[in-house]
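One structure is given here, and the rest of the page talks about it.
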């Protein structure tokens, strides 16, 4: 039995490792478009860009792990088509790879600004892969001026790393506040204050008209109110979209991601989808999760299902973000929240914001508050009941629920 995995991602490598652990005799191949061995992407805008970790340290597995584990790694291989009838994957160099089971771990791609407003200019960057990180590290020099377009986590992490290197940073957010799509106003307030304290300018409710250029190089951003923000380089952090191109051409069902069932099977039972590209059922709706936890756990579930189990994927999501001296850890998913309660942590400067929908505890944003994060995560994983009264009472020990 041969399993072919398209994508050298967290999800793909997690699946390969788990499948090899469970089935010593399975044939496994990973087709990765990257020239490098599969690597972690989140640290690129965190520890790697800050110089705290080397590229070898962000590899998902050492390069010499694949061959001894009989996992064929096809680096620089780009899948162009899937022949579902004959169960073959066609690569861009016209190689044909047969499969019994195919797994799409194609991830997501960064959204770019339209070419007509300057998104194509050579010093307008995105932050998604190793090449992007190398280019930005070369640009982040003291005295340079950076404009970050987008006040989400990727943009704010890039702003943090640039400011720490002495770059003058302005963040432009079109919504009325940063983190509008992913976090409560309380968390946004704390992170905004952190960036202001480090000299980062944040402009909210700021609409971009176009990028100004001189001789084909971006040198500023023109806002809708005619303000001009000077820039030596620009980072666009305006989100990602799932890479469904291969699935679409193969005739698989897609809708904001490759649609899968609770066992992560696509509309073709011989093909699974995992990681950022997969849209899966969660609490009565279909969602995508862009997180390491989601990618790794999906890989483990699919490994079991390939071997004949009927394992459902039931995640308790978690995320993290590093900015300046802040370690933000997020347990759960805050979708649909209608109430937030703030609770101070045991350590100085530690604070958490707890999300509720009615009386149901959904999630917690924990700012330098690792103890609260671990308890919140265990409460969610164990299905324990945490009430608003519990959180609002500073004398209540949440560990007592475990």
Legend entry - Helix-only mean residue ellipticity at 222 nm for the chain, each DSSP H run of n ≥ 4 adding -39500 (n - 2.57), per residue, nearest 500: -6500 deg cm²/dmol
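Could you check how many percent of all C-alpha pairs in the stretch 308-402 are farther apart than 20 Å?
The share of Cα pairs beyond 20 Å in the stretch 308-402 comes to 33 percent.
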Inset, instruction - Report the residue, chosen from 282, 48, 272, that carries the largest GNM mean-square fluctuation when the chain is represented by alpha-carbon nodes joined by springs under 10 Å. - result: 282
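Based on the alpha-carbon gyration tensor of the stretch 1-127 and its eigenvalue square roots a ≥ b ≥ c, which shape applies: rounded if a/c is under 1.5, prolate if not and a/b is larger than b/c, or oblate?
oblate
Below 8 Å, C-alpha to C-alpha, sequence gap of six or more: please give me the relative contact order for the stretch 136-236 in percent.
About 30 percent, as a whole number.
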Inset, instruction - Would you mind ranking 97, 274 so that the residue whose beta carbon has the fewest other beta carbons within 10 Å leads the list? - result: 97, 274
Inset, instruction - For residue 198 and residue 357, calculate 0.36 nm times their separation in residues minus their Cα-Cα distance, and state this gained length in nm to one decimal. - result: 53.8 nm
Legend entry - Linear extension gain, residue 85 paired with residue 371, 0.36 nm per residue minus alpha-carbon span: 97.8 nm
Legend entry - Full-extension gain in nm, residue 338 to residue 325, via 0.36 nm per residue minus C-alpha separation: 1.7 nm
Legend entry - Estimated inter-spin distance, residue 115 and residue 253, nm [label 7 Å along Cα→Cβ]: 3.6
Inset, instruction - Using Cα centres only, tell me the gap between the stretch 303-320 and the stretch 2-17 in whole Å. - result: 14
Inset, instruction - Send over the semi-axes of the stretch 136-236's equivalent ellipsoid, whole angstrom and largest first, taken as the square roots of 5 times the C-alpha gyration tensor eigenvalues. - result: 21, 17, 10
Inset, instruction - Select from 103, 182, 259 the residue whose mean-square fluctuation is largest in a Gaussian network model of the chain (Cα-Cα springs shorter than 10 Å). - result: 182
Legend entry - Label-point gap, in nm, between residue 310 and residue 98 - each point 7 angstrom along Cα→Cβ: 3.0
Inset, instruction - Classify the chain as rounded, prolate or oblate from the Cα gyration tensor: take a ≥ b ≥ c as the square roots of its eigenvalues, call it rounded if a/c is under 1.5, otherwise prolate when a/b beats b/c and oblate if not. - result: oblate
Legend entry - Stokes-Einstein D for the stretch 309-351, Kirkwood Rh over Cα pairs, 10 °C, 1.306 mPa s (µm²/s): 118
Inset, instruction - Would you mind getting me the FRET efficiency between residue 174 and residue 396? Use the beta-carbon distance for r and R0 = 51 Å, nearest 0.05. - result: 0.80
Legend entry - Sequence of 337, 233, 396, 354 once ranked by neighbouring C-beta atoms within 10 Å, starting from the fewest: 396, 337, 233, 354
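If you build the convex hull over the alpha carbons only and average its shadow over all orientations, what do you get for the stretch 189-271? Give it in nm² to one decimal.
Value for the stretch 189-271: 10.0 nm².
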Legend entry - Selected from 193, 363, 79 as most flexible by GNM, with the chain as the system and alpha-carbon contacts under 10 Å: 193
Legend entry - Order of 184, 366 - criterion: other Cβ atoms within 10 Å of each residue's Cβ, fewest first: 184, 366
Legend entry - In range of the label at residue 217: residues from the stretch 104-137 whose backbone nitrogen is under 13 Å from the point 7 Å along Cα→Cβ: 122-124
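Bear in mind these aren't lab numbers, they're just calculated from the coordinates by the rules spelled out. Small disclaimer: the values here were computed from a predicted structure and weren't measured. No Cβ is skipped: glycine too gets one built from the backbone with ideal geometry, and neighbour counts run over all protein chains shown.
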